[in-house]
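Each remark here refers to the structure printed beneath this line.
The values are calculated or read from the model by the stated rules, or taken from the named source; none is laboratory data. For clarity, every value in this text was computed on a predicted model and none was experimentally measured. For neighbour counting, all protein chains shown are included, and Cβ atoms are generated from backbone atoms with ideal geometry for every residue, glycine included.
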Amino acid sequence: MKRYSAFAVAREAFRHHTGWERAWRSPEPKSHYDVIIIGAGGHGLATAYYLGKNHGIKNVAVLEKGWLGGGNTGRNTTIIRSNYLQDPSAAIYEKARSLYEDLSQDLNYNIMFSPRGVMMLAQTEHEIRGYQRTAHANTLQGVATEFISPKRVKELCPIIDISGPRYPVLGALWQPRGGTARHDAVAWGYARACSDMGMDIIQKCEVTAIKQEGGRVTGVETTKGAIGCNKMGIVVAGNSGQAAEMAGFRLPIESVPLQALVSEPIKPCMDVVVMANTVHGYLSQSDKGEMVIGGGTDGHNAYTQRGSFHHVEETVRALIETFPMISRLKMLRQWGGIVDITGDRSPILSTTPLDGCFINCGWGTGGFKAIPGSGFGMAQLMATGHSPLTEQFGLNRFREGRFIDESVAAGVAH
Ligand SMILES: Cc1cc2nc3c(=O)[nH]c(=O)nc-3n(C[C@H](O)[C@H](O)[C@H](O)COP(=O)(O)OP(=O)(O)OC[C@H]3O[C@@H](n4cnc5c(N)ncnc54)[C@H](O)[C@@H]3O)c2cc1C
């Protein structure tokens, strides 16, 4: 793989950009791999990347039914933060956030990480107490957050109307090194690095059956034929229930649509990310100038990557209370993804009842921020059978009633 650099850009400028290589190969599948990862979203690709980089396991195929990054990874609103309440969550989300800091250099691919700061508004007395509690927990966990005053909120984000009308801003949980990154670039950067290590990323290759012998996984049937493997990782987000059924077990998970929308581009007016749980919406401004808006999930299970229309209206109506200036914006695009939600709003990174088969799912509305940490931990789990990052997130926690309750941190979808 030729490295991207200022020199390479200059060289290609002189030869009319004829020397760029394809970022990743598109091979036909081999008959057998050491590891198959199902799902070329961020979590699947990051798992493959750290399997190769940290554990030297490179005979890997990542199978994707559509195009890589075409699931939730390419559909999210790109918020990155690690201000969760429980210790295991803070550990994996902070690991991810810290890996994001240098990911462009690590992958030699500009993922446009922008640690512009994330604030979660407190607009009720209850939220003040909740966020102060999280700030204290974060201090103990080594995650840099603080509870800030309404005056500081206004300084950081002048377009917020802190006086109300229904819900005045009473403070906020502020994480200065939270922010955003370009979602496609995260998938593309990992894919390029995986391909460079000799891994096969096979798109338009849907897994239709999972094969097993004597309680151990042996391979998959796909739309491109049968492929054998020694180990497998299921990393398919909204399709996790269906994949688990193919492997012969059930998951405590629901798949629901979550949608987002963007406005027409406007001049820079907001250089932080703001989430407003009480009115239930969140807002940031993209580098193109569009206001990126998200809200809550649909109230019913579904597999449509669209979402229902009344949610768009409810989300925008709610946000206009806190950001009156967006009332005159035209909305350009709206889309949806299928998010996989567990009862305790925490992910599952686990062995499964099928030997050699691992699962990484349940990131729900907030897994983009976790991609590097999740891939790091999942690769360690698959390679060695154990990872300190993932050990609390096993499937057995549902049987044992040992929940990692993050319903406050994941209260508004993002
Ligand atoms: C509208 C929206 C906004 C969001 N906003 C944020 C945010 O601001 N911050 C944040 O942290 N998170 C956010 N999220 C959540 C985040 O996008 C997801 O948690 C994360 O992208 C999940 O990544 P993944 O790799 O697990 O899944 P995906 O990216 O969905 O990848 C799974 C892949 O598996 C493939 N697949 C499925 N079944 C099969 C099969 N049988 N064979 C082969 N391939 C298969 C799919 O095609 C898909 O490409 C948002 C989600 C949505 C929908």
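Can you pull out the strands (runs of 3 or more DSSP E) entirely within the range 175-246 that have at least 1 residues that are surrounded by fewer than 18 Cβ atoms within 10 Å (Cβ to Cβ) and more than 11 Å from the ligand (Cβ to nearest atom)?
Values: elements: 200-202, 207-213, 216-222, 225-234.
Result: 207-213, 216-222, 225-234.
Scan the range 306-328 residue by residue and report those that are among the polar types (S, T, N, Q) and either touching a residue at least 24 places away in the same chain (Cβ under 8 Å) or under 18 Å from K154 (Cβ atoms) (or both).
S308, T315, T322
Within the range 13-31, identify whether any single residue is outside any loop (DSSP other than H, G, I, E, B) and in contact with a Gly (Cβ under 7 Å, 6 or more places away or on another chain), and answer yes or no.
Here is the first cut: in the range 13-31, the residues outside any loop (DSSP other than H, G, I, E, B) are 13-14.
Cutting the leftovers down to in contact with a Gly (Cβ under 7 Å, 6 or more places away or on another chain) gives us none.
No - not one qualifying residue is present in the range 13-31.
Quick one: Y4 ticks every box in (1) free of Cβ contacts under 8 Å to residues at least 40 places away in the same chain; (2) outside the structural domain of L389 (by TED's automatic domain parsing); (3) surrounded by 15 or more Cβ atoms within 10 Å (Cβ to Cβ) bar one, so which box is it?
With respect to (1) free of Cβ contacts under 8 Å to residues at least 40 places away in the same chain; (2) outside the structural domain of L389 (by TED's automatic domain parsing); (3) surrounded by 15 or more Cβ atoms within 10 Å (Cβ to Cβ), Y4 is out only on (1).
What pairs come up if the first residue lies in the range 353-380 and is outside the structural domain of A191 (by TED's automatic domain parsing) and acidic (D, E), the second is buried (at least 24 other Cβ atoms within 10 Å of the Cβ) and in a helix (DSSP H, G or I), and their beta carbons are under 8 Å apart, counting only those six or more places apart or on different chains?
none
Would you be able to say whether some residue in the range 354-362 is over 11 Å from the mean Cα position of the chain (by Cα), surrounded by fewer than 18 Cβ atoms within 10 Å (Cβ to Cβ) and farther than 27 Å from R216 by Cα?
no
When the range 392-407 is examined, which residues are found to be in a helix (DSSP H, G or I) and crowded, with 18+ Cβ neighbours inside 10 Å? Give the derivation first.
To start, the set of residues in the range 392-407 that are in a helix (DSSP H, G or I) comprises 392-393, 396-400.
Matches in the range 392-407: F393, R397.
Condition (residue is more than 13 Å from the ligand (Cβ to nearest atom), crowded, with 16+ Cβ neighbours inside 10 Å and not small (G, A, S)) applied to the range 248-262: is it met by at least one residue?
Yes, some residue in the range 248-262 is more than 13 Å from the ligand (Cβ to nearest atom), crowded, with 16+ Cβ neighbours inside 10 Å and not small (G, A, S).
Condition check ((1) crowded, with 21+ Cβ neighbours inside 10 Å; (2) under 18 Å from A244 (Cβ atoms); (3) not polar (S, T, N, Q)) across all residues:
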| site | (1), (2), (3) |
| --- | --- |
| G41 | yes, yes, yes |
| G44 | yes, yes, yes |
| A48 | yes, no, yes |
| L51 | yes, no, yes |
| N54 | no, no, no |
| I57 | yes, no, yes |
| A61 | yes, no, yes |
| T77 | yes, no, no |
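Under 7 Å by Cβ, and 6 or more places apart or on different chains, what pairs join a residue from the range 27-56 that is not assigned by TED's automatic domain parsing to the domain that holds N360 with one that is part of a helix (DSSP H, G or I) and not basic (K, R)?
Matching pairs, first to second residue: none at all.
Only one of (1) closer than 25 Å to R182 by Cα; (2) out of contact with any strand residue (DSSP E or B) (no Cβ under 9 Å at 6 or more places or on another chain); (3) of a type outside the set (A, V, I, L, M, F, W, C) is not met by R116, so which one is it?
For R116, the exception is condition (2).
Since S308 meets every condition but one in (1) closer than 30 Å to Q212 by Cβ; (2) out of contact with any Phe, Trp or Tyr (no Cβ under 9 Å at 6 or more places or on another chain), which condition does it not meet?
(1)
Considering only the range 300-309, state which residues are at pLDDT below 85 and out of contact with any Leu (no Cβ under 8 Å at 6 or more places or on another chain). Please lay out each step first, then the result.
Kept after step one, since they are at pLDDT below 85, are these residues of the range 300-309: 305-309.
Listed by number, the residues that qualify are Q305, R306, S308, F309.
Check S26, S98, S31 and return the single one that is closer than 23 Å to A181 by Cα, among the hydroxyl-bearing types (S, T, Y) and more than 13 Å from the ligand (Cβ to nearest atom).
Matching residue, one of S26, S98, S31: S98.
Which of the residues spanning the range 165-174 are among the aliphatic types (A, V, I, L, M), in contact (Cβ under 8 Å) with a residue 60 or more places away in the chain and not in a strand (DSSP E or B)?
V169, the sole residue that qualifies.
For the range 300-334, name all the residues that are under 22 Å from N239 (Cβ atoms) and more than 21 Å from the chain's Cα centre (by Cα).
Across the range 300-334, the qualifying residues are H300, S308, H311.
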